[in-house]
């Protein structure tokens, strides 16, 4: 009888980490999780540490288990926060990354290390869609630190023969996301008493490649099962569909009576256009399963439910 695969997830209770953990559990993984926050569902874990990754005694925490894969998500996930507090953004990512890699180097040489990076490493790409071979030019400390983490993985792979994969996540969204564009728009809409008009940053013609959190989780698990023979492989994780901010907000608020305008002023650290070349991910058999229209309808329903719950508990 084949033993079930064993996965360590850092950042396990974050937006993407919690979605990944649920999908991995449903696929039969034995799970170890680490996050500063308590687990949303402790029952799915063999062991869970409410801790900073840097402070975990991995030898005691994992014990004699042989890890199949380590999904490393721990770190900050906010471009604006990194612009205001760049050193804090560095500290939330880099020491924990080094700690994980050192443990795998010393005790889990067969483990596949999957780093959740970001499309922010590309900055404003010269060509759309952007491929994994495009040059990197981060526009924020967040993107710069993700690129540093990638460089560290490459170094450990070359020196210590760790097998790794890098997932460059584009614009992930879904239920549970309490920041970024869609959260901010809905928060402002309700804050002003279902405002009939909203003015947003930019021109509205800026574009993103939106991907639902469940699709991110399924892509990560698929990549996790395709360990490279040696070195590091890189995948864009996106749908390959370029959508303007104006179009996306229109879908989000399609059931609301609100007029959207744009200030023309850009936010620091944000690129103008993003769309991914996903042919490499498609070569593994991945196809996104959640359309932006249905994903945003679900997100709006989730947001409204959270809002009503908060109002009823005032």
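Under 6 Å between Cβ atoms, which residue pairs at least 6 apart in sequence (or on different chains) link something in the range 142-168 that is free of Cβ contacts under 8 Å to residues at least 40 places away in the same chain with a partner that is in a helix (DSSP H, G or I)?
Hits for this filter: 147/121.
Read through the list (1) within 18 Å of residue 120 (Cβ to Cβ); (2) in contact with a strand residue (DSSP E or B) (Cβ under 7 Å, 6 or more places away or on another chain); (3) modelled with pLDDT under 95, then give the number of the only condition that residue 208 fails.
Exception for residue 208: condition (3).
Could you list all residues from the range 24-34 that are surrounded by 14 or more Cβ atoms within 10 Å (Cβ to Cβ) and on the phi > 0 side of the Ramachandran plot?
Across the range 24-34, there are no qualifying residues.
Does residue 199 meet the test of being surrounded by 14 or more Cβ atoms within 10 Å (Cβ to Cβ), at pLDDT below 95 and assigned by TED's automatic domain parsing to the domain that holds residue 245?
On the way: surrounded by 14 or more Cβ atoms within 10 Å (Cβ to Cβ): no; at pLDDT below 95: yes; assigned by TED's automatic domain parsing to the domain that holds residue 245: yes.
No; evaluated as a whole, the condition is false for this residue.
Say we look at the range 64-120 and pick out the residues that are free of Cβ contacts under 8 Å to residues at least 12 places away in the same chain and part of a loop (DSSP other than H, G, I, E, B); which of these is nearest to residue 134 (Cα to Cα)?
Among those residues, the one meeting the criterion is 85.
Considering each residue of the range 110-146, count those that are in contact with a strand residue (DSSP E or B) (Cβ under 9 Å, 6 or more places away or on another chain) and either surrounded by fewer than 19 Cβ atoms within 10 Å (Cβ to Cβ) or on the phi > 0 side of the Ramachandran plot (or both), and give that number.
Residues meeting the conditions: 5.
Please tell me if residue 75 is over 19 Å from residue 168 (Cβ atoms), surrounded by 21 or more Cβ atoms within 10 Å (Cβ to Cβ) and touching a helix residue (DSSP H, G or I) at 6+ places or on another chain (Cβ under 7 Å).
On the way: over 19 Å from residue 168 (Cβ atoms): no; surrounded by 21 or more Cβ atoms within 10 Å (Cβ to Cβ): yes; touching a helix residue (DSSP H, G or I) at 6+ places or on another chain (Cβ under 7 Å): yes.
For residue 75, the condition - over 19 Å from residue 168 (Cβ atoms), surrounded by 21 or more Cβ atoms within 10 Å (Cβ to Cβ) and touching a helix residue (DSSP H, G or I) at 6+ places or on another chain (Cβ under 7 Å) - is not met.
Which ones in the range 180-193 are surrounded by fewer than 23 Cβ atoms within 10 Å (Cβ to Cβ) and either in the same structural domain as residue 19 (by TED's automatic domain parsing) or not in a loop (DSSP other than H, G, I, E, B) (or both)?
Initial filter on the range 180-193 (surrounded by fewer than 23 Cβ atoms within 10 Å (Cβ to Cβ)): 180-181, 183-193.
The answer is 180, 181, 183, 184, 185, 186, 187, 188, 189, 190, 191.
What's the total number of residues in the range 259-271 that are in contact with a helix residue (DSSP H, G or I) (Cβ under 6 Å, 6 or more places away or on another chain) and either part of a loop (DSSP other than H, G, I, E, B) or free of Cβ contacts under 8 Å to residues at least 24 places away in the same chain (or both)?
Taking the range 259-271 as the starting set, the residues that turn out to be in contact with a helix residue (DSSP H, G or I) (Cβ under 6 Å, 6 or more places away or on another chain) are 260, 268-269.
Retained after the next criterion (residues that are either part of a loop (DSSP other than H, G, I, E, B) or free of Cβ contacts under 8 Å to residues at least 24 places away in the same chain (or both)): 268-269.
Total meeting the criteria: 2.
Which of (1) modelled with pLDDT of 95 or more; (2) under 19 Å from residue 150 (Cβ atoms) is the odd one out, the single condition residue 35 does not satisfy?
(2)
Looking only at residues that are out of contact with any strand residue (DSSP E or B) (no Cβ under 7 Å at 6 or more places or on another chain) and closer than 20 Å to residue 210 by Cβ in the range 156-179, which one is surrounded by the most Cβ atoms within 10 Å (Cβ to Cβ)? Break it down stepwise before answering.
At the first step, the residues of the range 156-179 found to be out of contact with any strand residue (DSSP E or B) (no Cβ under 7 Å at 6 or more places or on another chain) are 156, 158-161, 175-179.
Restricting the remaining residues to those that are closer than 20 Å to residue 210 by Cβ gives 175-179.
Working: 175: 18, 176: 15, 177: 20, 178: 10, 179: 13.
The extreme case among them is 177.
With (1) within 29 Å of residue 117 (Cβ to Cβ); (2) surrounded by fewer than 18 Cβ atoms within 10 Å (Cβ to Cβ); (3) in contact with a helix residue (DSSP H, G or I) (Cβ under 9 Å, 6 or more places away or on another chain); (4) outside the structural domain of residue 12 (by TED's automatic domain parsing) as the list, and residue 295 as the residue in question, which single condition is left unmet?
Result: residue 295 passes all but (2).
The values are calculated or read from the model by the stated rules, or taken from the named source; none is laboratory data. Just so it is clear, the model here is predicted, and its values are computed rather than measured. Counting neighbours? That spans all protein chains shown, and the Cβs are built from the backbone with ideal geometry, glycine included.
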